[in-house]
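Below is one structure; the comments refer to it alone.
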Amino acid sequence: MVAFTLIDGVFETHDFPGAKNTYFYALGNNGLAAGHYEDSDGLFHGVILENGELREYNFPDSVETEIYGYSDSTGVLTGNFTDASGIRRGFSGETIVEFPGASETYADFVSGLGNIVGSYVDTEGAYHAYLRGPGGSFATLGIPEIPNMEYFFLHGINDALVAVGRAKAADGVPLTFVGNPVALQEFKIPGAVSTEGWNINQDSSVVGHYTSADGRTHGFIARPLQPTAVRPPPKLSYTFESIDVPSVDFLAVTASSDFEDYAGNMRGPDGEKDVAFTLIDGVFTTYDFPGSQGTYFYALGNDGIAAGHYEDSDGLFHGVILENGELREYNFPDAVETEIYGYSDSTGALTGSFVDTAGVRRGFSGDTIVESPGSLTTYADFVSWTGHIVGSYVDADGVYHAYMRSSVGRFLSIDLPNALNLEYFFLHGLNRTRTVVGRAKAVGDVPRTYVGSPLNLQELQVPGAVSTEGWNINEDGSVVGHYDSADGRRHGFIARLVPKAEGDHFGNTYTVTLSKGLNMLSVPLASPAPMTAKALLAMTGATTVIRLDASNQRFIAWTPGAPNDGFPIEGGHGYIVNVPKTRNFAFIGAPWTDPTDQTEDVAAASPAISTKLPQQTWAFVVSGHLEGKPTFDGYQVIVRNLRTDSVITASVDGGYFAAATADLARRSVVEVGDVIELRVIGPSGNAELQPVTYKVTPEHLANAVLSVRLDGIGKPEQNLLLQNYPNPFNPETWIPYQLSEDSPVSISIYDTTGRLVRTLSLGLQSAGFYNSQGRAAYWDGRNALGERVASGIYFYQLTTPTFQQTRRLVIVK
């Protein structure tokens, strides 16, 4: 066999001198080709074609080298080598690639995003494909079932995460598989005896060769009908906020809703028993299952349902569900023990694990039993709205692996580089962007948290924390869990996904030690969210916080019994705190800004992210784009600062708007923490979007711009009947409503006895907002006979085929 190139239609062969065979397996856009040759002893050595000349390449200290990949973006060679002891490992550039516990590892290609694909052989001789992320984490791909598999090689992956690989059964022909690494599908040239795909281009075209019925081998290129979108790995950066409750030193937050409500377990001052808790709308409530040794919540739905498990007097665990304020037990059918870790908002399915009478632990999601093939133990933690289940399993050697199970039952196994040294590795959550969160602990180490694509996990650590344990990931990418501070206390946290510059800016730490008793404290860093007296008290574990009201020369105190969150905590101010024990913890945030700096000339304004961010500004712009309609002629956006009640109206031009405000005397018009409300008004004066709000941050002020994108204009998310106006009224009123879909609509008027007074048949109405007098339903205060109705209370009811809602109105004369 000799190698060849076919460049610009010119066919050339290449034979390494003295070689038995020469092979090319990689070709760069610059014309560089690479592969390997077989020497007279049957050993393989890398070979590179550059500027028309062949040269040998051997990985350092290798006996054999095979090259299969070349990166256009970095010039890195990828392949595998065999060392003097006969062990085969992969390499990419200078990086050695070795799958944990494998007897052989092959590496075929590294993408421009740093993802390496290849295959490995386990200790039983079975082939598996893998994807290794830039951070070193491995994902074992759930390849299609092929009985008596002889080999499986994953050869290429592009920046859109479309991969190509080959497999062969012992008694079969070579097969090709293409697609997302999580869901590879067989690919075949029509009429071919066999198809072998070797490369995938950035446009997702597949290149390889096929064998025809007459025994000849032909090359091919298969072009996709539609291009695939490039999906670069997310550059994860976060700001961190502590979640603390006054007088609670051990708060293990393990669950959250998309509305920033939380659940978990806490330990009382005596440290004898763990009880579950919810923190919903700022209200902290604890739950203790009767007769239990401990109660734990690990799931919280957007509907307020919490779930977890409790430990009975015999040390066995049983599922527990909180619904409508009441706890009830749940046990998976025929289970000895049941532990619940997930609850699906979309389906209501519970997910967790159970132990049967034989002592075998398996996962479950709803009625589905989840068992990873060949595992000793399987845990299931969460099921997404698409049916993907995440969890962990323990193999026959006692090694923990995380997994993602697709809706059709295919498993994607996920491993960390130190898989063989882990006490545990649990994957807890998955959102719609397929970003996951999990926890792992190595022998002799603290628990650690990992976040990202299942194919590219990255460690997440709360700055200044001793250990970080992330338990849940929300739809916005925020991670929720708990961390331990140096003084042994446990705090909840929410890590919000932000641009890297913002994450770096708020990533400063300052360690504070407070002595038992009274301390004077100046908060050294500004947190991403404004801090209050309540938050400072909870974070420090104090019994009270006191500040000096300098203007009135008096002290003001806040204690946990206060009905509000207390006064704001500001930089450059001193506070008195009283702590019952010595405290050692870290503040996380950005440097405070000196208010006197705001008098600088505007030409010398700081950049968007700097060491000193403004807390107020005398000129500000709210701008953005509207989406959801073909045109926005005649539309207006009304912007209101909810603090100052100042209002700006801006016309929409080509879907764009900009609303500006300024004070030439350079007095503040917007401050950090201001809430800006936006309303969209159509040409007829009708509201075309439910009011949306944005909170002003230091970054917005540094840019003097709050940039937004308003989606779904004119498309309500739900049906709703609104309050009529005016109310009370005489003699006429308008009844506003909104429709999430096209529907026939009627509004019926009833008196207090339930007698029908009038029906307003509105006919088929398009989905949208019906708020203005030109679009809302109109009632002239008359009954079906045209007579004016008497003064009093009436009820009006909106009815569609799928929705009904009733409200009250009042007529006065």
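The values are calculated or read from the model by the stated rules, or taken from the named source; none is laboratory data. This is a predicted model, so every value here is computed, not measured. Note that we place each Cβ from the backbone using ideal geometry, even for glycine, and neighbour counts take in every protein chain shown. Please note that ligands, DNA and RNA were not included when accessible areas were found on the heavy atoms of the full protein model with its side chains. Shrake-Rupley method; radii C 1.70, N 1.55, O 1.52, S 1.80 Å.
For the pair Ser85 and Glu627, the difference between a 0.36 nm per residue extended length and the Cα-Cα distance amounts to 188.9 nm. Backbone phi angles across the stretch 169-184, fed through the Karplus curve with coefficients 6.51, -1.76 and 1.60 (θ = phi - 60°), yield HN-Hα couplings of 7, 4, 10, x, 9, x, 10, 10, 10, 9, x, 4, x, 7, 9, 5 Hz in residue order; Gly and Pro are listed as x.
Of the residues Ser791, Val675, Gly69, the one whose Cα sits farthest towards the positive end of the charge dipole of the chain is Ser791 (charges of +1 on Lys and Arg Cβ, -1 on Asp and Glu Cβ, taken about the Cα centre). With distances taken between every two different alpha-carbon atoms, the stretch 702-813 has a Kirkwood hydrodynamic radius of 15.2 Å. Protein heavy-atom surface of the stretch 17-59, 1.4 angstrom probe: 43% of the accessible area is carbon and sulfur, with nucleic acids and ligands not counted. At a Förster distance of 35 Å, what's the computed FRET efficiency of Ser406 paired with Tyr656, Cβ-Cβ distance as r, to 0.05? So the FRET efficiency works out to roughly 0.30. Dividing the summed -39500 (n - 2.57) terms of all DSSP H runs of n ≥ 4 by the residue count of the chain sets its mean residue ellipticity at 222 nm at -500 deg cm²/dmol.
For Arg55, project a label point 7 Å along Cα to C-beta. Then give me every residue of the stretch 67-91 with its amide nitrogen under 20 Å of that point. The answer is 67-80.
Under the convention that each Lys and Arg Cβ holds +1 and each Asp and Glu Cβ holds -1, the size of the dipole of the chain around its Cα centre is about 2920 debye.
Look at where the Cα atoms of the stretch 762-783 and of the stretch 1-75 average out, and the two centres are 75 Å apart. With an a/c value of 1.5 or above and a/b not larger than b/c for the gyration tensor axes a ≥ b ≥ c computed over the alpha-carbon atoms, the stretch 688-746 is described as oblate.
For Val193 and Ser791, the FRET efficiency from 1/(1 + (r/R0)^6), where r spans their Cβ atoms and R0 equals 60 Å, is about 0.10.
Checked against a 27 Å cut-off, the cross-linked pairs Lys500/Lys715; Lys20/Lys168; Lys500/Lys695 give Cα-Cα distances beyond that limit for Lys500/Lys715. Share of carbon and sulfur in the accessible area of the stretch 238-497 stands at 47%, probe radius 1.4 Å. Within the set of other residues whose C-beta is less than 14 Å from the C-beta of Val451, count the net charge using Lys and Arg as +1 and Asp and Glu as -1. Spelling it out: positives minus negatives among the neighbours equals +2. Just to be sure I understand, if you calculate Cα extents along the principal axes in Å for this structure, which of (i) 117, 66, 44; (ii) 106, 72, 71; (iii) 96, 70, 55 do you get? Read-out taken from this structure: (ii). Converting phi to 3J(HN,Hα) with the Karplus coefficients 6.51, -1.76 and 1.60 and the offset θ = phi - 60°, the stretch 12-26 yields 9, 9, 9, 10, 5, x, x, 7, 6, 8, 10, 9, 10, 10, 9 Hz in sequence order, with x at every glycine or proline. Charged neighbours of Lys534, selected by a Cβ distance under 12 Å, balance to -2 (K, R count +1; D, E count -1). The length gained by stretching the chain between Gln773 and Arg328 to full extension, at 0.36 nm per residue less their Cα-Cα distance, is 155.2 nm. Accessible surface calculations at 1.4 Å, restricted to protein heavy atoms, place the chain at 45 Å² per residue. Only beta bridges with both residues in the chain are counted; by DSSP, about 95 percent of them are antiparallel. Could you work out how far apart the two model spin labels at Leu720 and Phe4 are, taking each label as a point 7 Å from the Cα in the direction of the beta carbon, and quote it in nm? Result for the modelled spin labels: 6.8 nm.
Less than 14 Å Cβ to Cβ from Ala358, Lys/Arg counted +1 and Asp/Glu -1: what total charge do the surrounding residues give? That works out to -2. The alpha-carbon atoms of the stretch 470-590 define a convex hull whose volume equals 125 cubic angstrom per residue. Site pair Thr217 and Ala550 shows an inter-label distance of 8.3 nm when each label is modelled 7 Å from Cα along Cα→Cβ.
Mean sequence separation of contacting Cα pairs (under 8 Å, at least six apart), scaled by the length of the stretch 705-813, corresponds to a relative contact order of 30 percent. Dipole orientation for the stretch 238-497: of the candidates Val370, Pro454, Ala486, Pro454 has the Cα lying most toward the positive pole (charges on Cβ; Lys, Arg +1; Asp, Glu -1).
The relative contact order of the stretch 612-726, computed from alpha carbon pairs under 8 Å that lie at least 6 residues apart in sequence, is 35 percent. In percent, rounded to a whole number, the relative contact order of the chain is 6, using alpha-carbon pairs under 8 Å and six or more apart. Take the Cα of Asp487, step 7 Å toward its Cβ, do the same at Thr802, and the gap between the two points is 5.4 nm. Remark: the stretch 58-222 projects, on average over all directions, an area of 10.0 nm² (convex hull of Cα atoms).
Backbone N atoms of the stretch 358-388 closer than 11 Å to the 7 Å Cα→Cβ label point of Thr347 belong to residues 365-369, 383-388. If you plug the beta carbon distance of Ser73 and Ala784 into 1/(1 + (r/R0)^6) with R0 = 60 Å, you get a FRET efficiency near 0.20.
Measuring between their Cα centroids, the stretch 254-328 and the stretch 172-215 lie 51 Å from each other. Taking the protein heavy atoms of the stretch 720-811 in the context of the full set of protein chains, the accessible area attributed to carbon and sulfur is 49 percent at 1.4 Å. Extension gain for Thr511 to His209 (0.36 nm times residue separation, less C-alpha to C-alpha distance): 102.5 nm.
I need the shape label for the stretch 238-497. Rule: rounded when a/c is under 1.5, else prolate if a/b > b/c, else oblate, with a, b, c from the alpha carbon gyration tensor. Note, shape of the stretch 238-497 comes out rounded.
For the stretch 722-778, rounded, prolate or oblate, judged on the Cα gyration tensor with a ≥ b ≥ c (square roots of eigenvalues), a/c < 1.5 rounded, else prolate if a/b > b/c? Taking the square roots of the gyration eigenvalues as a ≥ b ≥ c, the stretch 722-778 is oblate.
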